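Report on the structure given below.
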Amino acid sequence: MRFIKMIGQRSETKQAVVIIPEIYGMNQYIYDWVDFFRERNFDSFCVDLSQKERVYQYTHNCEAYQAFIDKNGFMTYQEIEIDMLELRKDYNKVIVFGSSVGATVAWRLTENPNCDGMIGFYGSRIRDYLDVSPVCPCLLIFPEQETSFEVRSIIPRLNQKDKVDVHVLAGCHGFADRYGDYYCEQSANRGLDMVNYFLRKID
């Protein structure tokens with residue numbers, strides 16, 4: 001596989017998760033999700049959005065976002081689709097997970113028949129791709145407060161989609177990241193509960 005790299009040792013499981021990071025790269029927040037999915041018997045494959053294995057500090061958000069846009073932006077999903085086809089040879093179930101820009105990229109993968117489920121935290125740019133029609137179950141978790149748009153303005157469109165489960169939790173963009181400035185423990189824990197329920201439901 002050219003674009004996705006496995007994190008951790010391969011297990012005997014037949015379940016895989018493709019983790020699409022935020023603009024900051026493979027930081028500790030993302031490794032915490034790797035551990036989360038490993039404990040639930042998923043092999044984790046992570047996307048290197050920078051292709052340089054660089055990790056940006058949160059204070060370098062402008063530089064990190066520009067690097068993401070320069071690389072391929074939200075069209076990255078097309079490259080991931082190729083690798084997901086390869087994953088299908090070894091795994092019975094392949095789901096995608098993303099936060100922020102990673103959630104929007106993951107959302108664009110939900111029309112692919114090789115995607116068995118999608119989980120996205122605060123994918124604010126999903127608002128630009130509301131015509132996507134998922135063929136798999138999706139869990140979308142948004143914060144009440146986004147600086148760039150009114151979250152609840154897109155909820156009716158998303159609720160019209162049969163396979164999409166949408167939730168809005170208290171807090172700002174980044175509420176699930178315990179290492180960031182906007183961490184909200186209560187909402188982060190509620191989000192984890194929702195992810196656990198979602199994984200059981202699609203099992």
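The values are calculated or read from the model by the stated rules, or taken from the named source; none is laboratory data. Remember, predicted model here, so these are calculated numbers, not experimental data. Counting neighbours? That spans all protein chains shown, and the Cβs are built from the backbone with ideal geometry, glycine included. Surface areas here come from the heavy atoms of the whole protein model, side chains and all, with no ligands, DNA or RNA. Shrake-Rupley method; radii C 1.70, N 1.55, O 1.52, S 1.80 Å.
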Report task. Might you check whether a residue that is within 16 Å of Met118 (Cβ to Cβ), buried (at least 23 other Cβ atoms within 10 Å of the Cβ) and either in contact (Cβ under 8 Å) with a residue 40 or more places away in the chain or in contact with a Lys or Arg (Cβ under 8 Å, 6 or more places away or on another chain) (or both) occurs anywhere in segment 81-94? Result -> yes
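Residue-wise test of (1) out of contact with any His (no Cβ under 8 Å at 6 or more places or on another chain); (2) in a strand (DSSP E or B); (3) among the charged types (D, E, K, R).
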site	(1), (2), (3)
Leu158	yes, no, no
His167	yes, yes, no
Ala170	yes, yes, no
Gly174	yes, no, no
Arg178	yes, no, yes
Tyr182	no, no, no
Asn189	yes, no, no
Query raised in the report: What residue, among those in segment 159-200 that are touching a Cys at 6+ places or on another chain (Cβ under 8 Å) and farther than 27 Å from Val135 by Cβ, is least open to solvent (accessible area, probe 1.4 Å)?
Result: Phe175
Report summary line: Looking across segment 35-48 at residues that are under 17 Å from Lys5 (Cα atoms) and of a type in the set (D, E, K, R), the single one that is surrounded by the most Cβ atoms within 10 Å (Cβ to Cβ) is Asp43
Report task. Kindly indicate whether Ile69 is of a type in the set (A, V, I, L, M, F, W, C), under 16 Å from the mean Cα position of the chain (by Cα) and closer than 19 Å to Ser99 by Cβ. Result -> no
Query raised in the report: How do the pairs read when you match residues in segment 1-15 that are under 9 Å from Ser44 (Cα atoms) and modelled with pLDDT of 80 or more with residues anywhere that are basic (Lys, Arg) and open to solvent by 100 Å² or more (accessible area, probe 1.4 Å), using Cβ under 9 Å and keeping only pairs 6 or more apart or on different chains?
Result: Ile7/Arg38; Gly8/Arg38
Query raised in the report: Of all residues in segment 128-156 being in a helix (DSSP H, G or I) and over 23 Å from Asn189 (Cα atoms), which is nearest to the chain's Cα centre (by Cα)?
Result: Asp128
**Report entry** Residue match in segment 104-122 (condition: outside any helix (DSSP H, G or I), modelled with pLDDT under 95 and on the phi > 0 side of the Ramachandran plot)
**Finding:** no
Query raised in the report: Identify, please: which residue in segment 49-80 is in a helix (DSSP H, G or I) and of a type in the set (S, T, N, Q) and is, among those, most open to solvent (accessible area, probe 1.4 Å)?
Result: Thr59
**Report entry** Residue tally, condition surrounded by fewer than 22 Cβ atoms within 10 Å (Cβ to Cβ), of a type in the set (D, E, K, R) and within 15 Å of the chain's Cα centre (by Cα), over segment 1-34
**Finding:** 1
Report task. Only one of these is open to solvent by less than 50 Å² (accessible area, probe 1.4 Å), within 20 Å of Thr76 (Cα to Cα) and in contact (Cβ under 8 Å) with a residue 12 or more places away in the chain: Ile119, Ile141, Ile154. Name it. Result -> Ile119
Query raised in the report: Which of (1) touching a residue at least 24 places away in the same chain (Cβ under 8 Å); (2) of a type in the set (S, T, N, Q); (3) open to solvent by 60 Å² or more (accessible area, probe 1.4 Å); (4) more than 19 Å from Asn196 (Cα to Cα) does Ser124 not meet, given it meets every other one?
Result: (3)
